[in-house]
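Remarks on the structure that follows.
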Amino acid sequence: YGSDAEILSRTPLSHPTVRSVIWHWRMEMTERIRSQMREDSGAMLTGMLFGDKSGMSDTGKSLFYRMGIGHLLAVSGLHLEFLALCIAWLLRQLSAGRKLIFLCVTVFGLAFVICAGETVSVWRAFVMTEILYGAALVFRERDTLNSLSIAMLLLGIVNPYVIHSAAFWLSCAGTWGIGVLGPYMTQDMPADKIGRA
């Protein structure tokens, strides 16, 4: 109990589902990038695009983390949020309704989650994004703390062993710090003015 052996991941390859098709495309793109680039460059690019750092040497990974830029190799929830914002903005420019925006964000978000390797941080961001656009769908305000709590609860229900994952706690704690603690700590600070010395 409590060991890494219980934290399992499933690779959807056997059945011809949408999930397995996207997963096959991810693997094909990863192999194509590695075959057409130098070994270290290709492994670094697949890490940045798909979160697959398996081709990187231990020395290469250590260099990234020692320089303090190891986060570049992680596909985080921020990528998903940026994708959702771009899709929503584009659809609003085309005068799309809230239902279509919610549907497109959901479909592209799920595809992104699969392409990113279905990591904990991306699943957390997906649930929070769904709550954000779902709240707009029913004319409700969303709250970061409530969204994060629901995401943590759902991730725990799907896989109770996720509480042993450092990625789970780092993602949730970082989101809590940025979305909940940050605004609370800065609420009484004076607003910055451009050109202020």
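The values are calculated or read from the model by the stated rules, or taken from the named source; none is laboratory data. Note that the coordinates shown come from a computational prediction; the quantities given were computed from them, not determined experimentally. Here Cβ is always computed from backbone atoms with ideal geometry, including for glycine, and neighbour counts include all displayed protein chains. In case anyone asks, the SASA skips ligands and DNA or RNA and just uses the protein heavy atoms, side chains included. Shrake-Rupley method; radii C 1.70, N 1.55, O 1.52, S 1.80 Å.
Among residues of region 27-57 being of a type in the set (Asp, Glu) and open to solvent by 60 Å² or more (accessible area, probe 1.4 Å), the one that is farthest from the chain's Cα centre (by Cα) is Glu39. Of all residues in region 65-78, those being surrounded by fewer than 18 Cβ atoms within 10 Å (Cβ to Cβ) and either touching a helix residue (DSSP H, G or I) at 6+ places or on another chain (Cβ under 6 Å) or assigned to a helix (DSSP H, G or I) (or both) number 6. Out of Gly109, Gly174, Gly134, one residue alone is within 16 Å of Ser76 (Cβ to Cβ), in contact with a Phe, Trp or Tyr (Cβ under 7 Å, 6 or more places away or on another chain) and not hydroxyl-bearing (Ser, Thr, Tyr). It is Gly109. Contact annotation: no residue pair with Cβ atoms under 6 Å, 6 or more positions apart or on different chains, pairs a residue in region 61-78 that is over 21 Å from Cys115 (Cβ atoms) with a partner that is open to solvent by less than 50 Å² (accessible area, probe 1.4 Å) and outside any helix (DSSP H, G or I). Among the numbered conditions (1) open to solvent by less than 40 Å² (accessible area, probe 1.4 Å); (2) closer than 27 Å to Met128 by Cα; (3) assigned to a helix (DSSP H, G or I), the only one that Gly60 does not meet is (2).
Figure legend. Inter-residue proximity from region 116-135: first residues over 29 Å from Leu45 (Cβ atoms) and among the hydroxyl-bearing types (Ser, Thr, Tyr), second residues part of a helix (DSSP H, G or I) and open to solvent by less than 40 Å² (accessible area, probe 1.4 Å), beta-carbon distance below 9 Å, spacing 6+ or different chains. Indicated pairs: Tyr133/Ala84; Tyr133/Ala88; Tyr133/Ile101; Tyr133/Val105; Tyr133/Thr106.
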